[in-house]
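The values are calculated or read from the model by the stated rules, or taken from the named source; none is laboratory data. Values in this document were obtained by computation on a predicted structure and should not be read as measured data. Note that each Cβ is placed from the backbone with ideal geometry, even for glycine, and that neighbours are counted across all protein chains shown. Side chains included, ligands, DNA and RNA excluded: accessible areas come from the protein's heavy atoms. Shrake-Rupley method; radii C 1.70, N 1.55, O 1.52, S 1.80 Å.
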Amino acid sequence: MQEKLALAAKIFSKVNIPTIPEEIICLKEELNKKYPNTVTIANLISHNPELLGDFLTLVNTNITNEKTEIKDAKAAVNVLGLDEIYNIFLSSSLTKIIAQSPDEKAILTHGAQSGLAAAELSYWVFDVSRSEAYMAGLMQNIGAIYFARSEPESYMEIYKAQLSNPISAYDKELETYHTTHAYLGTFIAKKWHINPDVYKSILLHHDTNFASKLANDQKVRHIVSLIMLSNYVVSTNSGEQYITQELKEYRDLGKHQLSLPDNALKAANAAVIKWGNSVGLSTGSH
């Protein structure tokens, strides 16, 4: 693993990873205080109208179960709680600064849709919040965007193959580059101060041995499982050509770790159909 991490670190040092917006850094600092000030937090979220708009869109589509629309940052803080606020604001803000091309937007689109599915599935997973599930789905392939910038001639074909063959095509990525987007993604997630449980899940979301590696970390095991199931849900919405036997086996690896009712995948599928083209994608490439 050290060699793979070292190679990922080398790519990380060469590509230009943007810094997160100042509002997020200040928000994190405020949340880390012993007694965070909710008025300060609401003001930070409201400081940039564009970021606020994306944040409220995400909150009102699939992150909250509130019956009435949340119209401002103060209401969001009151309803969601501080941990949820940070995850959601970070997720909605990062999509704003990342994508620069149609391929990169496609990676983020897949991530946002996977996040929606994972958030819906988390309803039945007691130790993972909706915002954690959304962020894990959204950020799982963030390393692929910057890997593609490092290897523009060859990488996207290998990445796209993983949508229907998440095990063998990932193995091909590792064989080709001796590291992968999952390793690179962990470096990026750390730079952006993403929840450690989420970046650990990013590292292992293609690993068929994740359950044994996470035998003593149930929460991360559950997050990885949610990513696997949500990727299957997104692929079922993309067309029959994506549904391979390998993808079904990948789905079952995740499903085995969770106690989900029979209607869970249908609910996740419905969330993707309803919201999949509308959230988390207000990027510079629009």
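Worth pointing out:
- Selection from the range 15-58 of residues that are in a helix (DSSP H, G or I), more than 18 Å from the chain's Cα centre (by Cα) and among the charged types (D, E, K, R): Glu22, Glu23, Lys28, Glu29, Glu30, Glu50
- Evaluation of Thr176 against (1) open to solvent by 50 Å² or more (accessible area, probe 1.4 Å); (2) touching a residue at least 40 places away in the same chain (Cβ under 8 Å); (3) closer than 14 Å to Phe147 by Cα (one fails), failing number: (2)
- In the range 119-140, the residues that are open to solvent by less than 10 Å² (accessible area, probe 1.4 Å) and either closer than 18 Å to Ala182 by Cα or not aliphatic (A, V, I, L, M) (or both): Ser122, Ser131, Ala133, Tyr134, Met135, Ala136, Gly137, Leu138, Met139, Gln140
- Restricted to the range 265-286, and to residues there that are of a type in the set (A, V, I, L, M, F, W, C) and modelled with pLDDT under 70, the residue that is nearest to Gln162 (Cα to Cα) is Leu281.
- Of the residues Lys190, Lys213, the single one that is without any contact (Cβ under 8 Å) to a residue 40 or more places away in the chain, open to solvent by 70 Å² or more (accessible area, probe 1.4 Å), closer than 28 Å to Asn60 by Cα and touching a helix residue (DSSP H, G or I) at 6+ places or on another chain (Cβ under 7 Å) is Lys190.
For every residue, the table says whether it meets (1) of a type outside the set (Asp, Glu); (2) touching a residue at least 24 places away in the same chain (Cβ under 8 Å); (3) in contact with a Lys or Arg (Cβ under 9 Å, 6 or more places away or on another chain); (4) open to solvent by 40 Å² or more (accessible area, probe 1.4 Å).
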residue: Glu30; (1), (2), (3), (4): no, no, no, no
residue: Lys33; (1), (2), (3), (4): yes, no, no, yes
residue: Phe55; (1), (2), (3), (4): yes, yes, no, no
residue: Ala75; (1), (2), (3), (4): yes, no, no, no
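- Pairs with Cβ under 7 Å, 6+ apart, first in the range 230-249 and under 15 Å from Ala270 (Cα atoms), second in a helix (DSSP H, G or I) and open to solvent by 50 Å² or more (accessible area, probe 1.4 Å): Ser235/Tyr242; Asn237/Ile273
- Of all residues in the range 1-20, none that is under 13 Å from Arg149 (Cβ atoms) has its Cβ atom under 7 Å from the Cβ atom of a residue that is open to solvent by less than 40 Å² (accessible area, probe 1.4 Å) and assigned to a loop (DSSP other than H, G, I, E, B), 6 or more apart or on another chain.
- Of all residues in the range 35-53, those that are β-branched (Val, Ile, Thr) and either at positive phi or buried (at least 20 other Cβ atoms within 10 Å of the Cβ) (or both) total 2.
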